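**Student:** What follows is a structure written as structure tokens; I'll ask about it next.
Every read-out reported here was derived from the displayed coordinates using simple, explicitly stated rules and does not represent laboratory data. Nothing here was measured: the structure is a model prediction, and the numbers come from that model. Reconstructed Cβ throughout: ideal geometry from the backbone, glycine too, with neighbour counts over all protein chains shown.
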Amino acid sequence: MSMRSSLLAGAGPATPAGRCRARHLVPAYLDCEVVPSAAPRRYFIRTFGCQMNVHDSERLAGILEGDGLVAAEGVEDADVVVLNTCCIRENADNKLYGHLGHLKAVKDRRPDLQIAVGGCLAQKDRDIIQQRAPWVDAVWGTHNVGRAGDLLATAGATGSPVLEILDATLDDDEAFPSALAVRRDQAWTAWVTIQIGCDNNCAFCIVPSVRGPEISRPFGQIVREVEDLAAAGTVEVTLLGQNVNSYGRDLTTRLRGEVDWHHHAEVTGAAWATAERPRARPLFADLLRDVARIDGIRRVRYTSPHPKDLRPETIEVMATESAVCPHLHLPLQAGSDRILALMHRGYTAARYLEKLAAARAAVADLAVTSDIIVGFPGETESDFERTLEVVAEAGYDSAYTFIYSPRPGTEAAGRTDEMIPAQVAAERFERLRIVVERSALARHQARLGRTEEILVEGPSKRDAGVVSGRTAQGKLVHFPAAGMLPAGTWADVRITRAAPHFLAGELLAVTCRPSHRTRIPVVAG
Ligand code: SF4
């Protein structure tokens, strides 16, 4: 694998030979005495963006706790503040520099505060961050999250800022957020990374350039991680990747040419390794089935799939494995074939709707959600009307809707003369919202009077006397509960009220108390 590292440090190597496991971030290679202190240093991580980043932050927390730090309540009581950035959302850089400006004021008061920036905006902007904010102590990218502790240690020891950005992962075993120590906030549910990077080239998306090509994690390693989670009481896992349903294609493409391909069940799973002919194919359906059959795992979710890669085998596993949740998140992005082609999405609206119909026919009580962009460069009124038609036909349970905004460096951002005026895009967005909410409300109203099995997530954010949880379809349900039900509790709830974005109900029975341990340090592999 080709790898180029850009690494700048004020003094000394930023790659200590031995990882410092002693406290206070003093690397082992420095000839100095570690003076124990009564109070451990505290860290605070602010996460921006998608679930991938949320899980990267869990991994960062695991690394920092491995170095003896403990979680802080917020910036004010932290000794180390990490901004785990995302460049996918609009104005990401403005938000980052706004936060860094605030942190400078804190650092002026407390010069010992260490400030670090990681994630995809750091990967994209590299040394620009420390040029604009020289008070930042450490910067790392998407391929070297595992080096966070070492880089902070080096910055602390040398007193100089450190930057390390890799263009590819140093080591496949370290590529996956789940492959290192993880500090998960919630023990009853867990994200499990199965794949990183993306081989697609959607014209609006920056992910391939900041996350790199698809790399699938070995099959056996994923299954073992989920087995360990289940043994510790986790009941729900979400398989995570940029394009989960192409999981494994890189593995089978590489191994099918080998004479001993039968011996690679650890990497590909048993079904592929025992097949008569080693074909290059995704392994997602095999993985979904094997994870769903792990004792103790009652709900398996996955995100995000790509419509062009949704295969009948996956739908069949969803239909037949009771632990796989009847929820399909299938990003449409646009309903006009012309716009879909400009986006390089690889499907037509008709093909998308065919796959959706096949999934609905096979999977009982399937909820379908989506992502939709309005105002893509060059989108005409008739393109947009086609989007409205397809959205109405799809009948979503909910959809994340976005007004297009350019991401520097993407193909679509270069179509400057075709940008849609903000007012037109806002008006289309509103029309789309109405169509989405109409179908969402109708689908929620169809659940009135039903008894739903809810997995409790905790108290409602708005009312401490109300508990919130989710159905297998992923629907948010609020219900009053006398005495708080802890997260991870299973309850039967009768649905009494429906709104476009949630359901409300009354508690019928608590069916199962949580069995997880309160915290699970996980090292997979
Ligand atoms: S499939 Fe498209 S939108 Fe999704 S991560 Fe890959 S390039 Fe981005």
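**Student:** At a Förster radius of 30 Å, what calculated FRET efficiency corresponds to the Cβ-Cβ distance of Asp417 and Asp127, to the nearest 0.05?
**Tutor:** The computed FRET efficiency comes out at 0.40.
**Student:** I need the trypsin sites (Lys or Arg not before Pro) found in region 84-119, filtered to DSSP loop residues with at most 16 other beta carbons within 10 Å of theirs.
**Tutor:** Filter output for region 84-119: Arg89.
**Student:** Counting other beta carbons within 10 Å of each Cβ, put Trp140, Trp191, Trp272 in order, fewest first.
**Tutor:** Trp191, Trp272, Trp140
**Student:** So how tilted is helix 381-394 from the main axis of the chain? Cα-based, degrees 0 to 90, rounded to 10.
**Tutor:** Helix 381-394 sits roughly 80 degrees off the main axis of the chain.
**Student:** Return the ratio Rg/(2.2 N^0.38 Å) for the chain, where Rg is computed over Cα atoms only.
**Tutor:** My calculation over the Cα atoms of the chain gives 1.00.
**Student:** When each pair of different Cα atoms in region 218-260 is counted once in the 1/r mean, what is the Kirkwood radius in angstroms, to one decimal?
**Tutor:** Taking every pair of different Cα atoms in region 218-260, averaging 1/r and inverting gives 12.4 Å.
**Student:** Now for a different question. Report the Cα centroid-to-centroid distance between region 226-274 and region 282-298 in angstrom, as an integer.
**Tutor:** A separation of 10 Å, based on Cα centres.
**Student:** Still on this structure, I have one more. Give me the Debye-computed log₁₀ of I(q)/I(0) at q = 0.11, 0.12, 0.17, 0.21 Å⁻¹ for region 184-325, equal point scatterers on Cα only, no solvent, two decimals.
**Tutor:** One equal scatterer on each Cα of region 184-325 leads to -0.40, -0.48, -0.94, -1.31.
**Student:** Can you list the trypsin sites (Lys or Arg not before Pro) in region 368-474 that are in a DSSP coil and have 16 or fewer other beta carbons within 10 angstrom?
**Tutor:** Of the trypsin sites (Lys or Arg not before Pro), the ones in loops of region 368-474 whose Cβ has at most 16 other Cβ atoms within 10 Å are Arg415, Arg450, Lys461, Arg462.
**Student:** What ranking do Phe48, Phe429 get, fewest neighbouring Cβ atoms within 10 angstrom at the top?
**Tutor:** Phe429, Phe48
**Student:** Out of all DSSP beta bridges with both ends in the chain, state the antiparallel percent to the nearest 5.
**Tutor:** Close to 45 percent.
**Student:** Quick one: if the Förster radius is 22 Å, what FRET efficiency do Ala499 and Asp365 give, using the C-beta to C-beta distance and rounding to 0.05?
**Tutor:** 0.70
**Student:** Here is a further query. Under 18 Å between alpha carbons, and skipping anything fewer than 8 positions from Lys107 in its own chain: which aspartates and glutamates qualify?
**Tutor:** The reachable aspartates and glutamates, counting only those whose Cα sits under 18 Å from Lys107, are Glu73, Glu76, Asp77, Asp79, Asp137.
**Student:** Within 10 Å of each candidate Cβ there may be at most 15 other Cβ atoms; applying that plus a DSSP loop requirement, which GluC sites (Glu not before Pro) in region 201-303 survive?
**Tutor:** Answer in residue order: Glu258, Glu276.
**Student:** Just how large is the dipole of the chain about the Cα centre, in debye to the nearest 20, putting +1 at every Lys and Arg Cβ and -1 at every Asp and Glu Cβ?
**Tutor:** 720
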